[in-house]
Structures are given as structure tokens and as C-alpha cells.
1. Can you give the average number of partner chain beta-carbon atoms within 10 Å of each beta-carbon in peptide A:86-98, as a whole number?
2. Using label points projected 7 Å from each Cα along Cα→Cβ, tell me how many nm separate A:Ser169 and B:Arg172, to one decimal.
3. As a footprinting exposure proxy, order B:Val37, A:Val31 by other Cβ within 10 Å, with the fewest listed first.
4. Quick check for me: using +1 on Lys/Arg Cβ and -1 on Asp/Glu Cβ, what's the dipole size of the protein assembly as shown about its Cα centre, in debye to the nearest 20?
5. In chain B, which helices (entire DSSP H runs) extend 27 Å or more along their own long axis, judged by Cα positions, while averaging at least -1.0 on the Kyte-Doolittle scale?
6. For chain A, what does the relative contact order come out to in percent, with C-alpha contacts under 8 Å and a separation of six or more?
7. DSSP beta bridges in the protein assembly as shown, what fraction antiparallel, as a percent rounded to 5?
8. Where the centroid of each part is defined by its Cα atoms, how far is region B:115-188 from region A:59-81 in Å?
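A short reminder: the numbers here are calculations on the coordinates, not readings from a lab. These figures come from a predicted structure and were not determined experimentally. Please note: Cβ atoms are built from the backbone with ideal geometry, for glycine as well, and neighbour counts cover all protein chains shown.
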Amino acid sequence: MSAPLPLVRFDDVRCEFEHRSGATVHALNGVSFDVPAGQFVCILGRSGHGKTTLLRVLAGLQATSGGSVRVREREVAGPGSDRPMVFQQDTVFPWMHVRANVEFALRVKGLAKSERHAISDRWLEAVGLTQFAESWPRELSGGMRKRVALAAVFASDADVLLMDEPFGSLDYFTRRGLHDVLLELWTAAGKTIFFVTHDIEESLILADRILVMSDGLLVEDIPVELPRPRSEEIRASDRGVEITRTILERLGVEQAMDVSERMIVRE
Amino acid sequence: MSAISRSEWLNRRGNRSRLRPSGRRLGPFALQALGFVLAIGVWQFVAASKGITVPTPSAVLTDLRNNFLSSTYLRAHNLGGGQGYWYDLWYTAKNVLMGVAIGTGIGVGLGLISVPFRLVSQVLNPIAATFGAAPIFVAAPFFLVWFGVVPTAQVTMVSFYTALLLYIFSRRAADNVAREYVESAATLGARRFHVFRSVYLPGTVPELVGGFRIALAGAWGLEAIAELLGAQSGIGFLINYFSEVFGIVEMVSLTLLLGIVAIVCDGLAVLCARALLRWTATGKVA
């Protein structure tokens, strides 16, 4: 019996940009991987090493220079409602009430008002914003607006949800709270999530699998079998430390630390 | 220095709302009234000075009272449709409002359509730059030659300049809409029409309001100039008439009347804009 088809397939994907200086930048340098349905995938790496480009290619917002990206065996040719994205920037539409934001994809699909309301009620409750349904986004905190953005993508009922450092601009405590909210939503909905981050701890809290990017290459594909919920003790377990060490090594940080430690010893 | 206790911290948090300054401030209305009174005072002072031909405020008020609704002078000289100043004021206001409405529709429509259809902006940008630089005194005679001394000439001229201004404003406003909003809408399934309606249209309103107010304020002047150059009615036409018969009081009365109507129309525009911009951080209108 053959293995089930992957939900998302990257096959030798390349993405090149022409820099103003005339040099060619290889943002993605032949990236290949498969992701089955329902997986929480974190894409981790330093800034400028291809994480966001990979996500934008999957979103259909960035054209590739070669290779193919497929979702359910269909080639990605542009943005679509089957791959909504939460951005690092605040993209909750300020001119729409909270409810209208959550219902945006449903309105585009042409759902009836009563149906839209029933769906938005459910997701607003899931993110704890029921009483703010008729508020303007400016009346909410940054963390609450991120909840609205999460509710909007989950309400769209897409199979694949894309998140580009969505909590990057928030303080540590708000971010931790949003991790719990996101994991609850993911558990309830069973969607496939691609989550870009440069925070190792964040990826250990969230991911089923961590894809480590460096210089436009997929340099490590790490399964995270740690039990959930992942408390500090679990993240500090032998396996947690091993994953962290692997990531640091692959990003060249561990090596740099060793060098600096040796220099200190010499002094 | 030691940290404050938890109970004291909670106490301070609870009192925060009571720590706001309670001093009274002079409201904006009072300041506006004060400015108005000062202007009247300066006016009275200048009018009382010898060697300067400026009517006193009371003379102007008397003229307005005697001629606004019905004027024997205008009737005797076959002016103002045999009525009072209001007749020409209505003529001017009607042309301005029609011209601004038509110009806004055309300017905003073309400006926003040129966002998804770059070809439109490539064709229109040089035209807007060329005609936008042409002074009104150069352009006005063309409108008079083409349309004659009828309201169509004045309405067309106001529409033309309003459309030019709002085309430039809407282009800039559309360019300033954050790319992330457009991309976010696209990943949520929005196609070109939905992106236009749900992102570009509301996202450009704050800047368009500013452009609209500038166009409206300028339109009164444009209309008056167009009437000065060639019309059979309107405040500009009357001002031109009274300048020829040295009717200084009437000229000031009519100018004041035009200014008051312009301020009232701007106030109404601000009220409408506030309703449209409830979602902005300050709710203030540019």
C-alpha cells in the first residue's frame, strides 16, 4: 500500500532576486520537503535566510525561479483562500469592526449573513473576544488584534494556515498567552500550520516539526516528539536540549559560542 | 530606594483614574469666538483709520440686512434675478457643489482605477501634471470660449480642477495603503474587485478627505474668478459689477457672504468625514 499523499510539497524550489547592486540573491536554493495534513511546522532561522520567502512562496505572494510548490497536488499559482496568512505587521483592517474582520473570508466566499455570524461567533468565543465583536480594532491592544487575525484565518476554514512571525512585535507575556490560544485553536480545528519564527523557545512550544533554514537552504528537519503541553521542564528535558543544540549548531551559533569560550579561556 | 509594596501598588492602580488633571480648559468654540471678535475689532480699527477705504462692520451688516433677501437696488438695475443677494449666492453655491461633486467622482474614480490598471495612470499622469500647472487665468478663457457665459462653463471649470486635485490625492492615497493589507486580503480569498472595495476604498478615505476639503475651499475661489471673467449671475459677477460702480460696502458684504457659506460647507464636510472616519485612531479629520 502506498503512503498517503502529502498536503504540501516543496520540490527543489528556488527563488532568486536581483539586488540593486546587480548581484543575484538566492533566497531559496533548492528547497524540498513534504508536509502531511494536520502538522504544526515551525520554520526557523536567522533573519534574511529565506524563512519569509519560503512562506510567501507557499502563500502565492512570491513567484519562484524554479521548482514547484503543490498543495493537495495542485500547483500554487497565486494567493488563494486555501492558504490565508497572518503577517508580522498588524493587518487587521482598521476600518472594519472586529466581527467584519473575522468574517472577511466568509464574505468573499459569499456566505449568508446568518451563516457568517454563526461562524464568527464561534471563533470570537474561541479567542476570548466575544464582547469585542462590535469594537473597532483601534480600541483593542496589540495582543487582542493578533487574536482577531488568528480568528479570521481559522474562520476561513482553510486547510493550510500561514503565519509569518505573528507574535514578533509583542511582549513576552502576551506572546506566551497567544501561544496557548493558538495551540487550542489548532487542536480544535486540526489545520496544518506553517509558522515562521527566529525564536527557538517558541518553536519548541509550538511545533510538531522544525525546519531550519540557513542561506536559503533547508539545513535540518527536526521532528519534535515532546509531549504537550510543553512546560519549561519538558523543554529543558534531554530531548529539548538536544533539539536546541542541533538548531544552534545548524545556525552556526554553537560553533561561534565555542570559539568565544576558547578565547575567554586563553585570556 | 526600595520597591513599593504590593498593596500600595494595587492602591495606586485603583486611584489612577482619579489622578487625571481636573483643570478647566478653554473649549475650541470659545477660542473660535474669541478669534472672530478680535477680527471684528481689527476690522473696526482699520475702517476708522483715515486714508483707508474700508467700510465699517456695522455698514456691511446693514447692507446685508437690507439686500440679502430682497434688494430694491438690484431690482432697479435688473440684477440678482430681481431678488436679493441670496439669488446670486445660490447660483454660485449650486455651481460649486455641482462642480466639486462631479470633479470628485471623476478624480477619485480615475485615481483608484489606476491602481489595478497601471495603464490609466501612465496615460493620465502627464496630462494631470501639464494641466495642473496651468494657472486659472490662462485656462478660464478657454472654458468661456467653449461653453459661453453659462453655468456649464463655470461648473466644468470647477469640475476640471477638482478632478485634477483629487486624482493626484487618490493616487497618492492608494500608494500609501499598506501592501500588507492588500496581501492579507488576497490570502483570505479576495480578488481584484474585493480588494478594491474592501481595502483601497476605505483605506484611502483619510487622505481623500484632506484633498476634498482643499478642493472645496479652492472651488469657491475658482467659481468666483470664473464669474468675474464672464457670467450673468453669481457672487463673482456681482462683485465685478459693484467694483465698477465703486460699491465698496457691497463688495465686502458679498465677499463676507461667500466666506460664510464656504465655512458652513466645510463644516458640513467635516461632519460627514467624521462619520466616515470613526475607525481612525483619533477620529479627527485632516
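1. Across the residues of A:86-98, the mean count of other-chain Cβ atoms within 10 Å is 5.
2. So the label points at A:Ser169 and B:Arg172 sit 2.4 nm apart.
3. Final ranking by Cβ density, sparse to dense: B:Val37, A:Val31.
4. Charge dipole, the protein assembly as shown, about its Cα centre: 1640 debye, nearest 20.
5. Qualifying helices: B:28-48, B:85-113, B:151-176, B:201-229, B:248-276.
6. 24 percent
7. So the antiparallel bridges amount to about 55 percent of the total.
8. 38 Å
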